[in-house]
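Below is one structure, written out as structure tokens, with a few remarks after it.
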Amino acid sequence: MQYTVRRSDRARRVRVVVEPTGAIEVVLPRRAPQREAAAAVAELRPWIERRLAEAGALRERLAERAGTLPFLGEDLQVQRVAGRSRVHRRGDVLLVPDEDPKPAIERWYRRMARDEVVPLLDEAADALGVDYTSVRIANQRTRWGSCSTTGAMSFNWRLLLGPFEILEYVVWHEACHLVHMDHSRRFWSLLERHLPDYRESRRWLRDNGATLVLG
């Protein structure tokens with residue numbers, strides 16, 4: 001099993017990471033012996049193999065959508081245009097730069113994310129009788145949204161790669177944290193009162209969140 005080793009001053013323990021590409025990285029604390037990398041890989045081999053299988057399935061699913069990009073449940077046809085620097089949507093066609101379009105595509109999704117998130121958040125906040133202080137569109141690796149004690153809200157633009165119901169669930173989830181800053185029974189009851197089918201969206205995000213990438 002091939003893997004790379006990266007030393008980190010911030011790491012406090014050995015950590016194994018399996019990337020969606022199938023690459024395996026072992027993160028070692030700066031002073032840890034090199035042999036701890038091999039020991040970690042041996043110990044975690046069953047888990048690593050499961051993650052590799054998941055990564056392979058993910059690559060197959062991404063390959064199936066070649067030439068298209070998902071947007072809140074729709075499939076947009078991607079058309080490369082020479083000389084274009086910005087992404088523009090025309091119906092169900094997404095016009096993108098011909099060379100290295102990924103950065104421009106991400107910027108477009110970020111712009112669209114703000115346009116989609118803010119009205120949903122305003123609606124949720126009004127229904128809950130609360131206020132928020134700011135909205136940030138982010139690209140967290142493992143978090144879909146967050147709510148600070150000051151009312152600062154953050155949402156991952158990659159939510160737009162999933163169905164609309166998933167974005168709606170995350171926005172309502174974080175809005176409910178403006179009332180209950182925890183995951184207590186009161187929090188889940190409040191969320192269910194306003195979004196009765198939240199469990200289905202939560203399950204979908206858990207099972208399919210890894211596919212919400214540009215590829």
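For the range 130-159, name all the residues that are more than 22 Å from residue 109 (Cα to Cα) and open to solvent by 70 Å² or more (accessible area, probe 1.4 Å). Reasoning before the result, please.
So the first thing to find is which residues in the range 130-159 are more than 22 Å from residue 109 (Cα to Cα), and the list is 130-133, 148-151.
Those that are more than 22 Å from residue 109 (Cα to Cα) and open to solvent by 70 Å² or more (accessible area, probe 1.4 Å): 131, 133, 149, 150.
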Item to check | Hits in the range 164-193 - residues which are open to solvent by less than 40 Å² (accessible area, probe 1.4 Å) and not aliphatic (A, V, I, L, M) | outcome: 169, 172, 173, 174, 176, 177, 180, 184, 187
Checklist entry - So which residues in the range 77-96 are farther than 16 Å from residue 110 by Cβ and surrounded by 11 or more Cβ atoms within 10 Å (Cβ to Cβ), if there are any at all? => result 77, 78, 79, 80, 81, 84, 92, 93, 95
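Check the range 175-184 and report whether any residue there is without any contact (Cβ under 8 Å) to a residue 40 or more places away in the chain, among the hydroxyl-bearing types (Ser, Thr, Tyr), assigned to a helix (DSSP H, G or I) and over 23 Å from residue 114 (Cβ atoms).
So the first thing to find is which residues in the range 175-184 are without any contact (Cβ under 8 Å) to a residue 40 or more places away in the chain, and the list is 177, 180-184.
Checking which are among the hydroxyl-bearing types (Ser, Thr, Tyr) leaves us with 184.
Of the ones still in play, those that are also assigned to a helix (DSSP H, G or I) are none.
No, the range 175-184 has no match at all.
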Checklist entry - Here is a list of conditions, (1) touching a helix residue (DSSP H, G or I) at 6+ places or on another chain (Cβ under 6 Å); (2) within 26 Å of residue 159 (Cα to Cα); (3) modelled with pLDDT of 90 or more, and residue 20 meets all of them except one; can you say which number that is? => result (3)
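Quick check on residue 75: is it among the charged types (D, E, K, R) and over 14 Å from residue 215 (Cβ atoms)?
Details: among the charged types (D, E, K, R): yes; over 14 Å from residue 215 (Cβ atoms): no.
When the stated conditions are applied, residue 75 does not pass them.
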Checklist entry - Which residue, of 61, 84, is of a type outside the set (Phe, Trp, Tyr), modelled with pLDDT under 95 and under 12 Å from residue 214 (Cα atoms)? => result 61
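Select from the range 28-66 the residues that are of a type in the set (Asp, Glu), open to solvent by less than 100 Å² (accessible area, probe 1.4 Å) and within 26 Å of the chain's Cα centre (by Cα) and list them in ascending order.
Taking the range 28-66 as the starting set, the residues that turn out to be of a type in the set (Asp, Glu) are 36, 43, 49, 54, 60, 64.
Checking the rest, the ones that are also open to solvent by less than 100 Å² (accessible area, probe 1.4 Å) come to 36, 49.
Hit for the range 28-66 is 49, nothing else.
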Checklist entry - Going by the structure shown, is residue 110 open to solvent by 70 Å² or more (accessible area, probe 1.4 Å) and in contact (Cβ under 8 Å) with a residue 60 or more places away in the chain? => result no
Checklist outcome for this item: If we take the range 1-82, then strands (runs of 3 or more DSSP E) inside it with 1 or more residues that are touching a residue at least 60 places away in the same chain (Cβ under 8 Å) and not β-branched (Val, Ile, Thr) are 68-71
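The values are calculated or read from the model by the stated rules, or taken from the named source; none is laboratory data. Note that this is a predicted model, so its numbers are computed, not measured. Please note: Cβ atoms are built from the backbone with ideal geometry, for glycine as well, and neighbour counts cover all protein chains shown. We work out accessible area using only protein heavy atoms, side chains counted, and drop any ligands, DNA or RNA first. Shrake-Rupley method; radii C 1.70, N 1.55, O 1.52, S 1.80 Å.
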